[in-house]
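Pasting a structure here, questions to come.
The values are calculated or read from the model by the stated rules, or taken from the named source; none is laboratory data. Nothing here was measured: the structure is a model prediction, and the numbers come from that model. All Cβ positions, glycine included, derive from the backbone under ideal geometry; neighbour counts span all protein chains shown.
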Amino acid sequence: MKKFLLIITCCISAHLYCQEPNPQLFNRWYLHELTVSEEVFLPTEYGFYPEIILESTNPALNFISFADAQHISCSSDVLFSETQPEEILSVNSPGICFPKATCHDDPQGDCSVMYNTHAAFFWDTPEEPITYQITNINDNTATLVFSKTNGNIARYGSEQLLNVENFNISEMEVFPNPVTNQLFVNSGTTTLAYISIYSLTGKLIYSVKNTQQINMTNLPNGLYLIELGANGMKAFKKVVKN
């Protein structure tokens, strides 16, 4: 954790190569799920919702801002691969993160753990390339998946996750967990628009609409992410398939 805390005080610094990246990359993205060292971190379980904003103000400058409306914001330049337009190279160097506010809990608190783990995805082993893939769900929504060769994955969406202000996560239940066949959802007073199943690599397996259950019988055993959509926003739950 001390290593993570040190990460807060520094930012990435890099240079721009000539290869043009996907223009859709330059957007505000909301973290939906993070896998680091085979452990899955969901913002809905920590009550902390990191965002990133990728901006391209001119051909000679690209930068990424790690932002959260209530917590910490940092900015750094981004280096894109000269030969692979869907690859980011980042170089660690001293810098400053400017807090709009801070995580007020202790180093083991939910806010600190979620923030530091998200930061570590980009700032640990900064010489390692980060590849990205953008998938358009429809005309208004898309997903962005950052991947590293060590197996760490950060999955973002163009839509915000449900948070405690518009959805009571504590009332949301998926059961049974572990599941063998049918997975049921108790969404309390909220009407679900859809349920989707994702692999840990961010691949959408399948989705159902206007229902409180989904069949997982034919899926291989393992850990899955269940996306719950309601009121134009999303929440995630981890489920083990046996």
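Does segment 207-234 hold any residues that are under 18 Å from G157 (Cβ atoms) and touching a Leu at 6+ places or on another chain (Cβ under 9 Å), and which are they?
Filtering segment 207-234 for residues under 18 Å from G157 (Cβ atoms) gives 207, 209, 224-234.
Result: K209, Y224, L225, I226, E227, L228, G229, A230, N231, M233, K234.
Keeping to segment 210-227, report how many residues are in contact with a strand residue (DSSP E or B) (Cβ under 9 Å, 6 or more places away or on another chain) and more than 17 Å from L200 (Cβ to Cβ). Explain how you work it out, then say what you get.
Filtering segment 210-227 down to residues in contact with a strand residue (DSSP E or B) (Cβ under 9 Å, 6 or more places away or on another chain) leaves 210-217, 219-227.
Narrowing further to those that are more than 17 Å from L200 (Cβ to Cβ): 210-215, 217.
So the answer is 7.
Among I130, I134, which is the only one that is surrounded by 13 or more Cβ atoms within 10 Å (Cβ to Cβ), modelled with pLDDT under 90, hydrophobic (A, V, I, L, M, F, W, C) and closer than 17 Å to E87 by Cβ? Let's see the steps before the verdict.
Working: I134 fails: modelled with pLDDT under 90.
Just a single option satisfies the conditions, and that option is I130.
Restricting to segment 178-203, name every residue that is of a type in the set (A, V, I, L, M), in contact with a Lys or Arg (Cβ under 7 Å, 6 or more places away or on another chain) and assigned to a loop (DSSP other than H, G, I, E, B).
Keep residues of segment 178-203 that are of a type in the set (A, V, I, L, M), which gives 179, 183, 185, 192-193, 195, 197, 200.
Restricting the remaining residues to those that are in contact with a Lys or Arg (Cβ under 7 Å, 6 or more places away or on another chain) gives 179, 193.
Result: A193, single match.
A further question follows. Modelled with pLDDT under 70 and not in a loop (DSSP other than H, G, I, E, B): is that true of S93 in this structure?
Working: modelled with pLDDT under 70: yes; not in a loop (DSSP other than H, G, I, E, B): yes.
Yes; evaluated as a whole, the condition is true for this residue.
For segment 209-220, what are the residues that are closer than 16 Å to Q182 by Cβ and among the polar types (S, T, N, Q)? Full working, then the answer.
The first filter runs over segment 209-220 and keeps only residues closer than 16 Å to Q182 by Cβ, leaving 211-219.
The answer is T211, Q212, Q213, N215, T217, N218.
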